[in-house]
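For reference, the structure discussed in these notes is given below.
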Amino acid sequence: MDSATALITLEDGTLGSVSATRYNGAGHDVRLELHGSAGTVHVGLDASYSGVSAEPGFVFPADIPHRTFHERFAEAYRAEIRAFVQLARGEGPNPCPAAEAVDASRVADAAQLSLETGRAERVRR
C-alpha cells in the first residue's frame, strides 16, 4: 500500500484529516496544512513544492521539485545530528522528550490497529 488517509478527532472536538502517499510522480512532497476560521497555515511549503497551479499564468513553485526524501530533508537531517551531538555533550535540550516519542508511537499503533480492524481507535495518554 502506498497511500493512506486518517480522519482524526482531537480532544476538543476539532476534526482533522491526515493524508500520505509513498510516491508522488511530480516530486517529493511533505507538508502540513492547518485550515481554520482564522486562516490557513502551511508548514513545509517551499519553492520546491511538487504541486503546480491549474490557474493560467500563476508561477509557483519557482524551483525544481524535490525528487527524493533525502533531498527534501537534507537540512533537517543535519539539524537533527547537531541537536543530538549537543544533547550528548550536555550542551543542549532534548528536542524529543521520551513522553512525546511515546505519544507518537501510540498514534502509530492506533492507526495500524484501525487499518487492520476497520474500526476507529481512541488514543489515550
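Each value in this text was obtained by applying a stated rule to the coordinates, not by laboratory testing. Since this is a predicted model, take the numbers as computed values, not measurements. We place every Cβ from the backbone using ideal geometry, glycine too, and count neighbours over all the protein chains shown.
Taking amide H positions as modeled 1.01 Å from N, with prolines and chain starts lacking one, the residues under 5 Å from Ile8 and 5 or more places away or on another chain are Gly16, Ser17, Val18.
Using 0.36 nm per residue and subtracting the Cα-Cα separation, the extra length available between Cys96 and Val41 on full extension is 17.5 nm.
Could you compute Rg(Cα) / (2.2 N^0.38 Å) for region 65-116, with N its residue count? Show your work: numbers first, answer last.
Details: Rg = 15.2 Å, N = 52, 2.2 N^0.38 = 9.9 Å.
Cα-based Rg divided by the globular estimate yields 1.54.
With Cβ to Cβ distances under 13 Å as the rule, what net charge do the other residues near Arg106 carry (K, R +1; D, E -1)? So the surrounding residues net to -1. Among 116-123, 62-69, the peptide with the highest mean count of other Cβ atoms within 10 Å heads the list, and the full ranking is 62-69, 116-123.
Suppose a student asked you for the relative contact order of the chain, using Cα pairs under 8 Å spaced at least 6 residues apart; what percent would you report?
Working: 112 pairs, mean separation 16.8, N = 125.
Averaging sequence separation for qualifying contacts and normalising by length gives 13 percent for the chain.
Computed over the chain, the percent of Cα pairs more than 27 Å apart is 39.
Placing +1 on the Cβ of every Lys and Arg and -1 on the Cβ of every Asp and Glu, with nothing else charged, gives the chain a dipole about its Cα centre of roughly 280 debye.
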